[in-house]
Amino acid sequence: MEQQLRFAVQGMSCANCVAKVESVLQAQPGINDASVNFATETASIEYTPNEFVLSAMLSALKNSGYPAVSVQLEIPILAMRGTVDAGKIQQVLQALDGMIAVEISDKLARVQFLPTMLSLPRIKAQLRELGCELGTDDIETEVSDESSARAHELEKLRQQLFLALGFTVPLLLIAMPPMFSESLMHTMHSWLPMTVWHSLEALLVLPVLYAGRRFYQHGWAEIRSGSLGMSTLVMLGTSAAFCYSVLSLFVPQIFPAGTAHSYFEAAGTIISLVLLGKYLEALAKGRTSSAIKKLLKLQAKTAQVLRDDVEIEIPIDSVVPNDLINVRPGECVPVDGIVVLGESYVDEAMITGEPIPVVKTTGDAVIGGTINKTGAFTLRATHVGEASVLARIVKLVEAAQAGKPPIQQLADKIAAYFVPMVIVAALLTFVLWLIFAHAPALNYAFVAMISVLVIACPCAMGLATPTAIMAATGKAAELGILFRRGSALETLASVDTIVFDKTGTLTKGLPELTDMQVFGGMEEAEVLRYIASVERKSEHPLGQAIVNKAKACKLKLLPVQNFQSKTGFGATAQIEGKTLHVGAARYLRHLGIDLSFSACYIEAWTKEAKTPIYAALDGELFAVLAVNDPIKLEAVQALHALRKLGLELGLLTGDHQHTAHAIARQLDITQVVAEVLPEDKAQYIQKLQQQGKKVAFVGDGINDAPALAQADVGIAIGTGTDIAIEAGEVILMRGDLREIVTAIHLAQRTLRTIKMNFFWAYAYNIALIPLAAGAFYPMLGVLLDPMLAAAAMSVSSLFVVSNSLRLQRFEPHSSMILPIA
């Protein structure tokens, strides 16, 4: 069975690096698919476990110049249980998925692992299971995770930028005055010969080139691999300027008269400006992932745990399921759990987007990372570490941000051809200037060639989509909307039809038993007791309504035998030797049971939007019941707003025809399909798609998995503690249907932003290449300086990232929502 893995990659400088990393990954045995995201600097792979070798993949990435980010830690071991030796511990740890290397000594465990596959709490838990007593101070020996890697890279960029600027400024002070004033040139010449000044420029540019060594390292790697990118262009442009200048300084006689010029300042300024652009770009890219940083900050660092009736403060990593934890007013709830003592109001806004604090009493679930407001309570830990709601939300957002929508895949293909075309254009520019320009033609040709090389960097193309996806998915998470894949944003923006499930989606999912008609002379209480005894084993909300009614009547339920549930039909069981069937009309008709004498009751109930339930005892209908599930207050508002967006709306339900149409009338839905099984729902969605419609399906994820999976976009109704609805690509954390409107608005704005980014990236480059090549020189006498070309190239990337960041200011459109009556 295929598995997925996501990890951070270092060293990528532009969209062409993406293609190189993908080709390296796809060449590894066991890897079936690979996708690399330039903005998040992450790779996602799908692999076959028994064929995939992690160490081989990591080695291949490192050799190609794009190493994966890993963690290296030393974990103090205070003591080992007598029966456990270092060899056994090393063997067990090495078998953990994501572990790269393990070394166990007397008092220390040295580990290296991929932080996206394996976590420190998981390793510590394994060590404790093996009988190791651990210390509390872990020693970080290398970059510890993606966040630290980015911070480390940002600091390195800053240092290189300051080094470059420190020598570029005096370089320009020497090189520029003679260009602007002939008298200044004569003055400088009177102080020192121009060869000495040029020699000073050569000495000053060397530290600048050293500061920009990343471009030469990556450039050579790109040339060797045949995947040319930004670094190749910068390396070629600055190397040409430097080599030309060195030759003109030491062997000027090889040049035609009047062409032995110095371009040291161009080489230095290009490096400095490109470093400045990359530094500002890295700062802006960091802001696009601010939503994940906010979520991670919600995690408490310690917890007040009761051990042997004594409260002790321990690190959050040391909390295990079933620990009892005290939470005081104003504190962050440390882990997911169930309240066992006390009550309070808890602010869940950062998790679910719900602004109003929720009351929590004994038996209620609480989420780690939420804020306790007023009271104090004790919880029993249920999910800790990677299993917690907060950790799963972070993983969902990271996975969505790391994905690659179809529009970006096209851009990557274009970028792969773009750089070679630029190099050809630069060489052609050089040749044409040499042929057609007047003296000094060599200087004109050289300046134009360098300008073309530097100005046409494909960085902006690689950033156009992922930065917008990062900003949008992060903002959506803040609003309580989780996108499982970034591609869902692109698809959701273009849907034209939305089909809804009924129970739990358009209705509250809290049905009540309102009517019951008994046939055959049995007492109503006895009938209710029989039916509730069967439905107690069922998970369907309609069945739960019958059980709740029996409990309210204080009826003692009976033991059942041979219980069987048939999804979409009903359930059967034996009670006191009698066979009982409970379910929909189609179920009892399938069993050959006559339902005709219940028709008058059913017709009256379904006109009131009530759902009928049939019950048969030993093959004879002996009762019909009616359950009413009220429509959600926000459903009317949400559907009104969706109609204003021009979307077609449909209702797809397994409920009775008359009930479904009664609900549809209240919500003004014209397309209704009722009495369908879960698998038939998927077929109906497929039928709409065959008609050319882009379909979103909205369901609660219980019986709707086939339809959610078949739809172009599956929108799952979730709750604060239920985010594992695997079939949905979009999850509404609060279960509020108005969030669909918000999600569509955000998706449409994101797609507009991506298209604007692409227009800027391509139009900007295409427009500036002729300017850099000197196409306007005959008309305007303008030839772009290579230094200005470097600045223009940086502006392109900064515009794309800044434009994407505007998505973080997105707010739901209140004008599309009607006030609650």
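May I ask you to list the residues in segment 454-480 that are open to solvent by 10 Å² or more (accessible area, probe 1.4 Å) and of a type in the set (A, V, I, L, M)?
Leu479 - this is the single residue of segment 454-480 that is open to solvent by 10 Å² or more (accessible area, probe 1.4 Å) and of a type in the set (A, V, I, L, M).
Taking the conditions exactly as written (among the hydrophobic types (A, V, I, L, M, F, W, C), in a loop (DSSP other than H, G, I, E, B), surrounded by 19 or more Cβ atoms within 10 Å (Cβ to Cβ) and at pLDDT below 85), does Ile725 satisfy them or not?
The answer is yes for Ile725.
Could you tell me whether segment 271-282 includes any residue that is open to solvent by 60 Å² or more (accessible area, probe 1.4 Å) and at pLDDT below 85? Show your work before the answer.
Filtering segment 271-282 down to residues open to solvent by 60 Å² or more (accessible area, probe 1.4 Å) leaves 276, 280.
Those left that are additionally at pLDDT below 85: 276, 280.
Scanning segment 271-282 turns up at least one residue that is open to solvent by 60 Å² or more (accessible area, probe 1.4 Å) and at pLDDT below 85.
Out of segment 752-777, which residues are closer than 30 Å to Gly486 by Cα and in contact with a Pro (Cβ under 9 Å, 6 or more places away or on another chain)?
Correct list: Ile754, Ala761, Asn765.
Report yes if some residue within segment 437-456 is part of a loop (DSSP other than H, G, I, E, B), over 25 Å from the mean Cα position of the chain (by Cα) and farther than 30 Å from Gly219 by Cβ; otherwise report no.
Within segment 437-456, one or more residues are part of a loop (DSSP other than H, G, I, E, B), over 25 Å from the mean Cα position of the chain (by Cα) and farther than 30 Å from Gly219 by Cβ.
Counting only residues that are part of a loop (DSSP other than H, G, I, E, B) and not acidic (Asp, Glu), which one in segment 538-553 is nearest to the chain's Cα centre (by Cα)?
The initial filter retains those residues of segment 538-553 that are part of a loop (DSSP other than H, G, I, E, B), namely 538-540, 553.
Subsequent filtering for residues that are not acidic (Asp, Glu) retains 538, 540, 553.
Values: Ser538: 35, His540: 32, Cys553: 49 Å.
Per the stated criteria, the residue is His540.
Residue check: is Leu341 touching a strand residue (DSSP E or B) at 6+ places or on another chain (Cβ under 7 Å), more than 30 Å from Ile740 (Cα to Cα) and open to solvent by 60 Å² or more (accessible area, probe 1.4 Å)?
yes
Identify, please: which residue in segment 349-370 is over 20 Å from Arg392 (Cβ atoms) and out of contact with any strand residue (DSSP E or B) (no Cβ under 7 Å at 6 or more places or on another chain) and is, among those, modelled with the lowest pLDDT?
Pro355
I need every pair where a residue in segment 515-542 that is at positive phi has its Cβ under 6 Å from the Cβ of a residue that is of a type outside the set (S, T, N, Q), sequence separation at least 6 or different chains.
Between residues of segment 515-542 that are at positive phi and residues that are of a type outside the set (S, T, N, Q), the close pairs are Gly520/Phe622.
Across segment 571-585, which residue is surrounded by the most Cβ atoms within 10 Å (Cβ to Cβ) among those that are part of a strand (DSSP E or B) and within 43 Å of the chain's Cα centre (by Cα)?
The qualifying residue surrounded by the most Cβ atoms within 10 Å (Cβ to Cβ) is Gly583.
What are the pairs with Cβ atoms under 6 angstrom where one residue, in segment 107-125, is among the aliphatic types (A, V, I, L, M) and the other, located anywhere, is open to solvent by 30 Å² or more (accessible area, probe 1.4 Å)? Sequence gap at least six, or different chains.
Leu108/Glu74; Met117/Asp97
If you take the residues in segment 251-268 that are assigned to a helix (DSSP H, G or I) and small (Gly, Ala, Ser), which one is modelled with the lowest pLDDT?
Ala266
Go through segment 678-702 and count every residue that is in contact (Cβ under 8 Å) with a residue 24 or more places away in the chain, surrounded by fewer than 20 Cβ atoms within 10 Å (Cβ to Cβ) and part of a loop (DSSP other than H, G, I, E, B).
Residues meeting the conditions: 3.
Can you name the number of the only condition in (1) in contact with a Lys or Arg (Cβ under 6 Å, 6 or more places away or on another chain); (2) open to solvent by 50 Å² or more (accessible area, probe 1.4 Å); (3) of a type in the set (A, V, I, L, M) that Ile77 fails?
It fails just one condition, (2).
With the requirement that a residue be surrounded by 16 or more Cβ atoms within 10 Å (Cβ to Cβ), farther than 19 Å from Ala101 by Cα and either free of Cβ contacts under 8 Å to residues at least 60 places away in the same chain or touching an Asp or Glu at 6+ places or on another chain (Cβ under 7 Å) (or both), what does segment 44-65 give you?
Ile45, Tyr47
Pull out all pairs, ordered by first then second residue, where Cβ-Cβ is under 9 Å, the residues are six or more apart or on different chains, the first lies in segment 489-500 and is closer than 13 Å to Leu751 by Cα, and the second is of a type in the set (Phe, Trp, Tyr) and part of a strand (DSSP E or B).
Going by the 9 Å Cβ cut-off, the qualifying pairs are Leu489/Phe483; Leu492/Phe483.
Is there any pair with a first residue in segment 543-557 that is closer than 14 Å to Glu524 by Cβ and a second that is open to solvent by 80 Å² or more (accessible area, probe 1.4 Å) and at pLDDT below 90 whose Cβ atoms are under 8 Å apart and which are 6 or more apart or on different chains, and what are they?
Lys549/Glu512
Restricting to segment 481-516, count the residues that are touching a strand residue (DSSP E or B) at 6+ places or on another chain (Cβ under 6 Å), open to solvent by 10 Å² or more (accessible area, probe 1.4 Å), among the hydrophobic types (A, V, I, L, M, F, W, C) and more than 18 Å from Thr753 (Cα to Cα).
The number of residues fulfilling the criteria is 2.
Identify, from the list Ala615, Ala638, the residue that is on the phi < 0 side of the Ramachandran plot, at pLDDT 85 or above and over 29 Å from the mean Cα position of the chain (by Cα).
None of the others qualify; the one that does is Ala615.
How many residues are of a type in the set (A, V, I, L, M), assigned to a helix (DSSP H, G or I), surrounded by 16 or more Cβ atoms within 10 Å (Cβ to Cβ) and over 29 Å from the mean Cα position of the chain (by Cα) when one looks only at segment 775-805?
Final tally of qualifying residues: 6.
Ile602 is checked against (1) of a type in the set (A, V, I, L, M, F, W, C); (2) in contact with a helix residue (DSSP H, G or I) (Cβ under 7 Å, 6 or more places away or on another chain); (3) crowded, with 17+ Cβ neighbours inside 10 Å and fails just one. What number does that condition carry?
All conditions are met except number (2).
Would you mind stating whether Ala709 is touching a residue at least 24 places away in the same chain (Cβ under 8 Å), out of contact with any Pro (no Cβ under 9 Å at 6 or more places or on another chain) and not aromatic (Phe, Trp, Tyr)?
Spelling it out, Ala709 is indeed touching a residue at least 24 places away in the same chain (Cβ under 8 Å), out of contact with any Pro (no Cβ under 9 Å at 6 or more places or on another chain) and not aromatic (Phe, Trp, Tyr).
Condition (residue is open to solvent by less than 40 Å² (accessible area, probe 1.4 Å) and part of a strand (DSSP E or B)) applied to segment 554-570: is it met by at least one residue?
yes
Here are Glu679, Glu675: which of them is in contact with a His (Cβ under 7 Å, 6 or more places away or on another chain), over 13 Å from Asp496 (Cβ atoms) and among the acidic types (Asp, Glu)?
Step by step, each of Glu679, Glu675 is checked, and only Glu675 is in contact with a His (Cβ under 7 Å, 6 or more places away or on another chain), over 13 Å from Asp496 (Cβ atoms) and among the acidic types (Asp, Glu).
Here's the yes/no breakdown for (1) open to solvent by 10 Å² or more (accessible area, probe 1.4 Å); (2) among the small types (Gly, Ala, Ser); (3) touching a helix residue (DSSP H, G or I) at 6+ places or on another chain (Cβ under 9 Å); (4) at pLDDT below 90:
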residue	(1), (2), (3), (4)
Val730	no, no, yes, yes
Met733	no, no, yes, yes
Leu737	no, no, yes, yes
Thr742	yes, no, yes, no
Ala747	no, yes, yes, no
Thr750	no, no, yes, no
Trp760	yes, no, yes, yes
Leu768	yes, no, yes, yes
Ala773	yes, yes, yes, yes
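Out of (1) farther than 24 Å from Ala682 by Cβ; (2) open to solvent by less than 30 Å² (accessible area, probe 1.4 Å); (3) of a type in the set (A, V, I, L, M, F, W, C), the odd one out for Phe597 is which?
Answer for Phe597: the failing condition is (2).
The values are calculated or read from the model by the stated rules, or taken from the named source; none is laboratory data. Everything numeric in this text was worked out from a predicted model, so none of it was measured. Backbone-built Cβ (ideal geometry, glycine too); neighbour counts: all protein chains shown. What goes into the accessible areas is simple: the full protein's heavy atoms, side chains included, and nothing from ligands, DNA or RNA. Shrake-Rupley method; radii C 1.70, N 1.55, O 1.52, S 1.80 Å.
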